1. Report whether or not residue A:161 is more than 24 Å from residue A:48 (Cα to Cα) and either of a type outside the set (D, E, K, R) or assigned to a helix (DSSP H, G or I) (or both).
2. Checking the structure you have, find out if any residue of region B:44-58 is surrounded by fewer than 22 Cβ atoms within 10 Å (Cβ to Cβ), closer than 29 Å to residue B:136 by Cβ, at the interface with chain A (Cβ under 8 Å from one of its Cβ atoms) and touching a Phe, Trp or Tyr at 6+ places or on another chain (Cβ under 8 Å).
3. Among (1) closer than 26 Å to residue A:12 by Cβ; (2) without any contact (Cβ under 8 Å) to a residue 24 or more places away in the chain; (3) hydroxyl-bearing (Ser, Thr, Tyr), which single condition is residue B:119 missing?
4. Among the candidates B:119, B:26, which residue alone is among the polar types (S, T, N, Q), surrounded by fewer than 22 Cβ atoms within 10 Å (Cβ to Cβ), assigned by TED's automatic domain parsing to the domain that holds residue B:241 and part of a helix (DSSP H, G or I)?
5. Inspect region B:69-80 for any residue being within 10 Å of chain A (Cβ to nearest Cβ), free of Cβ contacts under 8 Å to residues at least 60 places away in the same chain, surrounded by fewer than 20 Cβ atoms within 10 Å (Cβ to Cβ) and more than 19 Å from the chain's Cα centre (by Cα) and give the result as yes or no.
6. Out of region A:139-197, which residues are among the small types (Gly, Ala, Ser) and over 16 Å from residue A:2 (Cα atoms)?
7. Any idea which of A:41, A:81, A:52, A:64 is surrounded by fewer than 24 Cβ atoms within 10 Å (Cβ to Cβ), of a type in the set (Val, Ile, Thr), within 25 Å of residue B:165 (Cα to Cα) and within 18 Å of the chain's Cα centre (by Cα)?
8. For residues that are more than 7 Å from chain B (Cβ to nearest Cβ) and either outside any helix (DSSP H, G or I) or over 23 Å from residue B:208 (Cβ atoms) (or both), tally how many sit in region A:41-73.
Amino acid sequence: MHVADGVLATQVWVGGYVATGAITAFCLRRIAPEQIPKISIMTAAFFVASLIHVPLGPTSVHLILNGLCGIILGWGAYISILVGLTLQALLFQHGGLTTIGVNAFNMGVGALAAFGFFKLRGKISIRHRDFLFGFLAGVIGVVVGLISLSICLLTSGEEFLGVVKLALVAHLPIMAIEGLVAGFATIFLMKVKPEVLR
Amino acid sequence: MHLPEIDKYSHLQSYLHSWDPRAKITSFSFLILSIVLLGKLPVALVGFVLASALVLSSRIPLRFIFKHLRWVLLFVSVFFILMSIFIPGQELYRFHSLVISQEGLQKGTLIAVKALTITLLIFPMIGTTPFPTTIKALEGLRVPHVLVQISAFTYRYIFLSIAEGKRMIIALTSRGFERKTDLHTLQTLGKLIGMMFVRSYERTERVYQAMVSRGYNGEMVTMNEFHLHGGDIGKAIFISLLGVILISLEVVL
């Protein structure tokens, strides 16, 4: 779901940096100094977990996990994603440099949406509630990110319409995988260490 | 899962290695910025040649660089194919209903060249300094203090997390687990990831207490300081000039 350098229009990637700068400044004010080591160690865990391959028919996909990141780190998730993507671009040449702002925005907004949604679960009591909310949080992370990515591509140029359509179709199985992994991870965390979840 | 090794060759000797990382990052960022703004294919190709020359002069082995270009090459080729098919224009080649247009081919090539050029520039920029020093240099470049600290800690813990993830996967494999496209695989991976987070969460508490007991109060104290010399500025001017030349070519041509 990352965009490499040279694809997006200048206004779009500059806008990505502006938006990410503003949201990061907002989130930084909401985290206490003692959360710095926590966010860092969890970012390292997310970084590594997103390197895990999941087989999908003849190919395999990487996990994105931005929804799960949102429900575990809350406001810290945006910072975690920004740092994770920067390290990924510098260490593994995965994603672009001028697109770090846009990529962090796409995934980070998805994570914050998942976080907001997951907080609603206290108000509802149904069977399989934890799995359902984890699953939907995982799906929301991908869907919101994908919508944001599509808007970025389409405002860069109408010629990207074909790419956007293909990306939407290609992400359908990824949504299911992300949702299921997030759902199962949520049940596991609720049983083993519920304080990890926000 | 392999270890991050971008700074594997940061111990070599070259004018890039001996350069103050703050000046290096600033001037390379300017060069990257000028390349991303290019809209003409011939100028972008000049940029590609310049970037290749910079990579060669960094003395980083080419085998190492090719290995790290895999992702961007994959991305670029997918984009290249899609763009040549989806952008309408003068028909170059037709295969049933698929038309490859000249405009699409041009636009696709431009994106590919720019993406590849910028990725190449990461090696002389980041690969010639030990990565922890690069992170520290960001602080000198006014990146917010908390972001620098989180990056530094995250980088440190990535190695530990990779080792832990590998151990857990070996444990699963030795009990007969095979990754397939089914619900069982996703359930197992979900639990594995959950366990990684539980372990990391417990570690965060121990690490934080250990840090506080050694006097951590949100500030980071380091021993080495940077010193900017005349040579560092000269090199920065040289790299920035390359960017200015590219932009001038773009405007003039």
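The values are calculated or read from the model by the stated rules, or taken from the named source; none is laboratory data. Keep in mind that what you see is a predicted model, and the values were worked out from it rather than measured. Positions of Cβ are generated from backbone atoms using ideal geometry, with glycine treated the same way; all protein chains shown enter the neighbour counts.
1. For residue A:161, the condition - more than 24 Å from residue A:48 (Cα to Cα) and either of a type outside the set (D, E, K, R) or assigned to a helix (DSSP H, G or I) (or both) - is met.
2. No, region B:44-58 contains no residue that is surrounded by fewer than 22 Cβ atoms within 10 Å (Cβ to Cβ), closer than 29 Å to residue B:136 by Cβ, at the interface with chain A (Cβ under 8 Å from one of its Cβ atoms) and touching a Phe, Trp or Tyr at 6+ places or on another chain (Cβ under 8 Å).
3. (2)
4. Sole residue among the options that is among the polar types (S, T, N, Q), surrounded by fewer than 22 Cβ atoms within 10 Å (Cβ to Cβ), assigned by TED's automatic domain parsing to the domain that holds residue B:241 and part of a helix (DSSP H, G or I): B:26.
5. yes
6. Across region A:139-197, the qualifying residues are A:157, A:162, A:176, A:179, A:182, A:183, A:185.
7. One residue alone meets the criteria, A:52.
8. In the first step, residues of region A:41-73 are kept if they are more than 7 Å from chain B (Cβ to nearest Cβ); the result is A:46, A:50, A:53, A:58-71, A:73.
Checking which are either outside any helix (DSSP H, G or I) or over 23 Å from residue B:208 (Cβ atoms) (or both) leaves us with A:50, A:53, A:58-67.
Here the count works out to 12.
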